[in-house]
Amino acid sequence: MTMRDTTTGAVVTKIGRYTFLSVLLGFFALPMLWLASAPFNAHPTLNVSISSFTLHNFSVLLKDPYALPSLWNSLLLAGGTALLTVGFAAAAAYALSRVRVPGRDGILYALLLLSSIVTGTAAMVPLFQLAFKLHLIDSRLGVILVFTGGLIPAAIFILKDFTDSTPKSYEESARVFGATPFQIIRHIVLPLIRPGPVVNVWGSFLIPYILVRNPDKYPAAVVLYTFYTEGGQPNLALISAFSLLYSIPVILLYLFVSHRYGFRFHGGIKR
């Protein structure tokens, strides 16, 4: 093989790589471009274009009595689930990380396996019956508890890895100054592992759709479903406008976490 053939092969490989990356980037970029353009289109379609710029879609959306309140409901569900999940999972992960429990690894993998197999969809009937028996139907607390129960096993598994990487010297120094175990978890362990917890409640649809009856308590994911006709035809004007509003809190949360914590796993002891 000559030097020219080698150079040609390298160029072809590079062109193929860049072509693949361009197609992959376009695959993810096109939905974002549609989301940014369709809400301002008077007659949106599935194509990325703005044939006639308008804000009428947002004015119609704001007249919907359930649109904006649903964002607040989603925030309550996500925030409540995050607090309970992180609180219980952090305490359990800290105990499993620092205390030698017989069969500890087996417990962790069993929790992770069960949380993967018994999903919300498979367990929806017994969950509904349990919520009915406890009078938690049409209750935000009931939805939060169901979300928390489903997320805790995976959260414990994830948080234990973060806790294992936390230097024990930090905790030993805190004990010298009289810190209690709960103070150690709150002021040392949690600041170090807080980039780890990920609670995927914001976009969940099935559980609140089944458990919530009052439209005033619907989260945004359920309200979005109401923008379809009985025949299943989507109202693209309202769906695109509401989807844009729906995504703004997620973007702001990402920017806040990235700016405030920087996804760093160091420096928590100084805070």
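The values are calculated or read from the model by the stated rules, or taken from the named source; none is laboratory data. The model shown is predicted, which means the values in this text are computed figures rather than measured ones. In this analysis, Cβ positions are derived from the backbone assuming ideal geometry, glycine residues included, and neighbour counts consider all displayed protein chains. Side chains included, ligands, DNA and RNA excluded: accessible areas come from the protein's heavy atoms. Shrake-Rupley method; radii C 1.70, N 1.55, O 1.52, S 1.80 Å.
Of note:
- Matching residues in segment 48-71 - criterion: being over 28 Å from the mean Cα position of the chain (by Cα) and in contact (Cβ under 8 Å) with a residue 12 or more places away in the chain: SER49, ILE50, PHE53, THR54, LEU55, HIS56, VAL60
- Listed by first and then second residue, the pairs linking a residue in segment 219-244 that is over 24 Å from SER51 (Cβ atoms) to a residue that is assigned to a loop (DSSP other than H, G, I, E, B), with Cβ atoms under 6 Å apart and 6 or more places separating them unless they lie on different chains, are ALA221/GLY203; ALA221/PHE205; VAL223/TYR66.
- For first residues located in segment 6-33 and more than 29 Å from LEU46 (Cα to Cα), partners that are part of a helix (DSSP H, G or I) and modelled with pLDDT of 85 or more and lie 6+ apart or on another chain with Cβ distances below 7 Å do not occur.
- Residue that is modelled with the highest pLDDT [pool: residues in segment 114-137 that are open to solvent by less than 50 Å² (accessible area, probe 1.4 Å) and under 20 Å from GLY203 (Cβ atoms)]: LEU127
- Of the helices (runs of 4 or more DSSP H) entirely within segment 138-248, none holds at least 2 residues that are open to solvent by less than 30 Å² (accessible area, probe 1.4 Å), under 30 Å from ALA36 (Cα atoms) and at pLDDT below 90.
- Residues considered: SER59, SER74, SER52. Of these, the only one that is farther than 30 Å from ILE184 by Cα and either touching a Pro at 6+ places or on another chain (Cβ under 9 Å) or basic (Lys, Arg) (or both) is SER74.
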